[in-house]
Amino acid sequence: MSVALANMSLSESLGGLLPYCSLQHSLALLCLVAVVYKLAVLLIQRRDALRNFEAFTGPPGNWFFGHVLQFKQDGTDLDKMVKWGEQYPYAFPLWFGPCVCFINIHHPDYVKSIVTTTEPKDDFAYKFLKSWIGDGLLVSHGQKWFRHRRLLTPGFHYDVLKSYTKLMLESVQIMLVKWEQYASSGEPFELFEHVSLMTLDTIMKCAFSYDSKCQTESRTNEYIKSVYELTDLVNLRFRTFPYHNDLIFYLSPHGFRHRRACKVAHSHTEEVIRKRKKALEEEKESERVQGRRTLDFLDILLLARDENQQGLSDEDIRAEVDTFMFEGHDTTASAISFILHTLACHPQHQNMCRQEITRVLDGKDALQWEDMTKMPYTTMCIKESMRLFPPVPGIARKLTKAITFVDGRTMPAGSLVGTSVYALHRNATVWENPNVFDPLRFLPENVSKRSPHAFVPFSAGPRNCIGQNFAMNEMKVAVASVLRRYQLIEDPVRKPKIIPRIVLRSLNGIHIRIRALDA
């Protein structure tokens, strides 16, 4: 009897265990199938990439990591791109992991073939930005991009930009007052932090009619800290092959930091939008705004209507605000910081700019709108600095159709194409003595001898930067105001170690010394 009961108990136990084992076996088999499938997809991607780029030779890389390990993140990576460009004219492939490959171009003839099209931004590197800035003008494509570009263009009309000059001056003056302590002490100071706060203050006032007081109320602005962290994390994710997988990145400590920084950035933009909507509703602001001669960027977003009288969705508005708030302050901060540092390193050009600005002002306290076109030498210095230190060091597209370059080599549809703006601007076959600061390169007679696609700090073609005139005006206002008040002096001990972080940054900051001109 006891034996029978024992056998029965064993049978019941096994009967309960068998379905569990079967489930485990099924799950293991499913996981194995998923892994095999993923490996097969990756192998096919690698095979297709090798086939697509077989006409292009390039620097040797690791079969698994590609060229990632050759980028040391120590301030030498962009110069490495220039050297590779000397070895491989026009273009060369760069691998990021075992399957993702970009053809990297660095010659005007190749650049022209890409930027004159409306080909979309690539769906690899730029997709890492979408959780932050959404599907705005920077990353959208097709009909959505055409529609948004058309609706937002009035926000950059001549009359709108003209009204911003006074606001730009206000923001720059706040920064210059803060600099008095450095002029008195003669100590070097880090430039980018100050300029970044100033350009954020400017974009908030000009584009969103919002006085954030970010230059005076907080030394470490939370939004700017989040932008720094997000650009670093996007770059890290791009270089780290396992992080290309959304789930792996989401579960990682870096994914947690990314979500936390996104929350800060989104809270900042949502507050701006919420306050403006409230003003439009409670004060019947829409009637007043439409009666004004000029609109700011947020007005355009909230009031824009297409031919079907359809406006932008709340999601679209936030994406465009996030995009313009980031691009409108961070890229300009990079450009202005490197311009001021370059002028500090070249006092003779700095003095020539100051003399020109003094003549233009002719006793006036500050630059006016009509003065913007009266500073040709200063403008050439600004452009030459952006040639050496382009605020956006690289851009990328994904081909929707095959393209044949001028030398007969062809890239099929689906290929990823990266333009190294930094290497293009220092290409020795285009620029004589490319590492020398020489503003006269931008004399009209010298410009006419070069391809218009040799200098593309704002990209070019139909997908060029919609805010480039705004940015140029802000640079002119900043440079003129700074040079009128201070002498810029190089800090020879701490030279910038430049690194690509969506925008151009310096690993060790950008340091200068200043002296008051009346001292």
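The values are calculated or read from the model by the stated rules, or taken from the named source; none is laboratory data. On a predicted model such as this, the values are computed, not experimentally measured, just so you know. Here the Cβ positions follow ideal geometry from the backbone for every residue, glycine too, while neighbour counts run over all protein chains shown. Please note that ligands, DNA and RNA were not included when accessible areas were found on the heavy atoms of the full protein model with its side chains. Shrake-Rupley method; radii C 1.70, N 1.55, O 1.52, S 1.80 Å.
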Cα-derived Rg over Rh, computed across segment 309-440 with Rh taken as Kirkwood radius: 1.10
Space enclosed by the convex hull of the alpha-carbon atoms of segment 314-363, per residue, Å³: 86 Å³
Separation of alpha-carbon centers, segment 186-231 and segment 59-104, rounded to whole Å: 33 Å
Compactness relative to 2.2 N^0.38 Å, alpha carbon Rg of segment 133-185: 1.84
Surface share of carbon and sulfur [accessible, 1.4 angstrom probe, percent] for the chain: 57 percent
Over 24 Å (Cα to Cα) - which of K449/K476; K144/K398; K178/K497; K130/K497 fall in this group: K449/K476; K178/K497; K130/K497
Simple label model, 7 Å out from Cα along Cβ direction - Q468 to K277, nm: 3.4 nm
Candidate aspartates and glutamates - alpha carbon under 17 Å from K166, same-chain residues fewer than 8 apart omitted: D201, D211, D296, D365, E370, D371, E474
Expected-Rg normalisation [2.2 N^0.38 Å, Cα atoms] applied to segment 375-519: 1.23
Additional length obtainable on full extension of the chain from A413 to Y250, 0.36 nm per residue less Cα span: 55.6 nm
Angstrom value of the Kirkwood radius, inverse mean 1/r, which spans all Cα pairs in segment 74-169: 16.9 Å
Computed FRET value (nearest 0.05) for D518 with Y158, which takes r as the C-beta separation and R₀ as 51 Å: 0.90
Peptides 464-470, 306-312 ordered by average Cβ neighbours within 10 Å, highest first: 464-470, 306-312
In sequence order, calculated HN-Hα J values of segment 165-175 (Karplus, 6.51, -1.76, 1.60; Hz; x Gly/Pro): 4, 5, 5, 4, 4, 4, 5, 5, 4, 4, 5
Centroid-to-centroid separation of segment 300-367 and segment 113-163 [C-alpha atoms, Å]: 17 Å
Projected area averaged over orientations for the chain, convex hull of C-alpha atoms, nm²: 33.9 nm²
1.4 Å probe accessible area per residue over the chain, in Å²: 47 Å²
